[in-house]
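A short write-up of the structure that comes next.
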Amino acid sequence: MKNENAPPRSAVPAAPRALWLVLLAAAGAFALTMGTRQTMGLFLSALNTSTGLGIGSISLAFAFGQLWWGLTQPFAGAVADRVGTGRVILLGVALVALGTFITPYMTTTAGLVLAIGVLAAGGAGMAGPSVLMAATARLVPLRHRGLATGVVNAGGSFGQFVMAPIAIGLTATVGWASAMQWLGVLVLLALPSVWVLRGNSQALAAQAAAASGVKALTAREAVVQALATPSYRYLAAGFLVCGFHVAFLATHLPGVIAACGLAPEVGGWSLAVIGLFNIVGSLAMGWAVGRWRMKSLLSLLYAVRGLAVLAFLLAPKTPAVVLVFAAVMGVTFLSTVPPTAGLVAKMFGTANMALLFGVVMLSHQIGGFLGAYLGGSVFQATGSYDWVWYIDIVLAAGAALVHLPIREAQPPRPAASAA
């Protein structure tokens, strides 16, 4: 007999047969949006030559994009949690394509901020990790959740690995402007994920509340509770440091390599190597989150980053050293996402996960703004990136320490009122 109280499709975890379809859709969408964003640094020099605005001004557009990518995610997450993931992803993909396509036509700082910082970055935030991770957590059985977040995160890294050589090849063939526009067109390949990931978590939360007698929190209540939880604040502080690392490398590593007197191709391949090795790191971290404490894994990742940067500063700058450094940083690059998302889900559940993980991503992108902007400003002022590397090492040490007091437990929730 059919159960009339059964939750709708959006609230039911994916059947094993559909599991890989969900992962393919989420990972593929992340690959295309993240891959496009993370290769934009390859066009920084060409944009400077074409516009004559200066590295500092162009870095401001990239830095604003880092911040706006984070600002959009809590709001996109709240809408996805309540209205539906598919609609949010559809709008996000369209904006990424539009912003990337029109960037070559922008000749002012304000125009670049609009195209790169508002349209492309905002769209990537809507079709970004907070929405995609929450959709995966909603549709995938609990026992597969850790590995699933690792697979989705690896999708972003795979996108970077694939899109960087594509951007280099297209630039050599059709020029930088047309290459950037072709990347905008390629993003539209993410549109099928809109159908696969459609649905929201509202019905699932209502069913869980009715079964457990625990009140389902509103978006505002969820944010207030999270911000009042010290462990959540520590997690957000550590993720700010992650944003600093990621944005600085994605935006300025080609410039760092050029300043060392190496060929531009080394910069492109270093970004590709970061993406390739982050696939390994993301999958390994997705496997590890179900076996070790997530806060300990995060402390280890940040400590490794700091040591890798220190070793890079002391080593001779050869193509081999740069690629080895890129590989080490790649293993830790976005491997912080599965344990961070896992901690949010463990502490607060999946009902408001897109919103709460989006708030943590906002912290990440505040760090990203600082990493992208300080990289260009410090280089323009001193002719060197050394001081940014020194800041990076100190921040990595701080992030390794701030995760240690995190409590991996669900905070108490208000009881549901009587019907």
Self-check item: Qualifying residue in the stretch 69-77 (condition: within 26 Å of P254 (Cα to Cα) and either in a helix (DSSP H, G or I) or in contact with an Asp or Glu (Cβ under 7 Å, 6 or more places away or on another chain) (or both))
Solution: yes
Quiz item: Can you find even one residue in the stretch 118-126 that is of a type in the set (G, A, S), more than 16 Å from A61 (Cβ to Cβ) and either part of a loop (DSSP other than H, G, I, E, B) or open to solvent by less than 10 Å² (accessible area, probe 1.4 Å) (or both)?
Solution: no
Exercise. Evaluate the following for G267: is it part of a loop (DSSP other than H, G, I, E, B), at pLDDT below 80 and either acidic (D, E) or in contact with a Gly (Cβ under 8 Å, 6 or more places away or on another chain) (or both)?
Key: no
Quiz prompt | Residues satisfying the stated conditions in the stretch 333-344, i.e. of a type outside the set (F, W, Y) and touching a residue at least 60 places away in the same chain (Cβ under 8 Å) | solution = L334, S335, T336, V337, P338, T340, A341, G342, L343, V344
Quiz item: Under 7 Å by Cβ, and 6 or more places apart or on different chains, what pairs join a residue from the stretch 272-284 that is in contact (Cβ under 8 Å) with a residue 12 or more places away in the chain and within 12 Å of F325 (Cα to Cα) with one that is in a helix (DSSP H, G or I) and β-branched (V, I, T)?
Solution: F277/V331
Quiz item: What is the one condition in (1) open to solvent by 20 Å² or more (accessible area, probe 1.4 Å); (2) within 21 Å of the chain's Cα centre (by Cα); (3) within 22 Å of A397 (Cα to Cα) that A311 does not satisfy?
Solution: (2)
Practice problem: Give the number of residues within the stretch 85-117 that are part of a helix (DSSP H, G or I), open to solvent by 70 Å² or more (accessible area, probe 1.4 Å) and either at pLDDT below 90 or out of contact with any helix residue (DSSP H, G or I) (no Cβ under 7 Å at 6 or more places or on another chain) (or both). | Solution: 4
Quiz prompt | Scan of the stretch 159-177 for residues that are out of contact with any Phe, Trp or Tyr (no Cβ under 9 Å at 6 or more places or on another chain) and either polar (S, T, N, Q) or part of a helix (DSSP H, G or I) (or both), ordered by number | solution = V162, M163, G169, A172, T173
Quiz item: Among the residues of the stretch 392-406, is there at least one that is closer than 25 Å to I58 by Cα, in contact with a helix residue (DSSP H, G or I) (Cβ under 7 Å, 6 or more places away or on another chain) and not in a helix (DSSP H, G or I)?
Solution: no
Practice problem: Search the stretch 396-417 for residues being closer than 23 Å to R220 by Cα and open to solvent by 100 Å² or more (accessible area, probe 1.4 Å), and hand back the single one that is modelled with the lowest pLDDT. | Solution: S417
Quiz item: In the stretch 270-306, what count of residues is obtained for those that are among the charged types (D, E, K, R), crowded, with 20+ Cβ neighbours inside 10 Å and either closer than 16 Å to M163 by Cβ or modelled with pLDDT under 80 (or both)?
Solution: 0
Practice problem: List every residue pair whose Cβ atoms sit under 6 Å apart, with the two residues 6 or more apart in sequence or on different chains, where the first one lies in the stretch 43-58 and is touching a residue at least 40 places away in the same chain (Cβ under 8 Å) and open to solvent by 30 Å² or more (accessible area, probe 1.4 Å) and the second, anywhere, is assigned to a helix (DSSP H, G or I) and among the polar types (S, T, N, Q). | Solution: L53/T109; I55/N48; I55/Q380; S57/T109
Self-check item: Check on Q160, over 16 Å from I274 (Cα atoms), touching a residue at least 60 places away in the same chain (Cβ under 8 Å) and polar (S, T, N, Q)
Solution: no
Practice problem: Pick out the one residue from R143, R82 that is in contact (Cβ under 8 Å) with a residue 40 or more places away in the chain, open to solvent by 10 Å² or more (accessible area, probe 1.4 Å) and either in contact with a Phe, Trp or Tyr (Cβ under 6 Å, 6 or more places away or on another chain) or basic (K, R) (or both). | Solution: R82
Practice problem: Go through the residues of the stretch 319-330 one by one and say whether even a single one is crowded, with 24+ Cβ neighbours inside 10 Å, part of a helix (DSSP H, G or I) and touching a Gly at 6+ places or on another chain (Cβ under 7 Å). | Solution: yes
Practice problem: Taking Q380 as meeting all but one of (1) at pLDDT 80 or above; (2) of a type in the set (S, T, N, Q); (3) within 15 Å of P230 (Cα to Cα), write down the number of the exception. | Solution: (3)
Quiz item: Which of the residues spanning the stretch 179-191 are in a helix (DSSP H, G or I) and open to solvent by 40 Å² or more (accessible area, probe 1.4 Å)?
Solution: W182, V185, L186, L188, L189
Practice problem: Being of a type in the set (V, I, T) and free of Cβ contacts under 8 Å to residues at least 24 places away in the same chain is the filter; apply it to the stretch 353-390 and report the residue that is surrounded by the most Cβ atoms within 10 Å (Cβ to Cβ). | Solution: V378
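The values are calculated or read from the model by the stated rules, or taken from the named source; none is laboratory data. Everything numeric here is computed off the predicted structure, so don't read it as measured data. Every residue, glycine as well, gets a Cβ built from its backbone with ideal geometry; the counts of neighbours run over all protein chains shown. Protein only, heavy atoms only, side chains kept; ligands, DNA and RNA dropped before computing areas. Shrake-Rupley method; radii C 1.70, N 1.55, O 1.52, S 1.80 Å.
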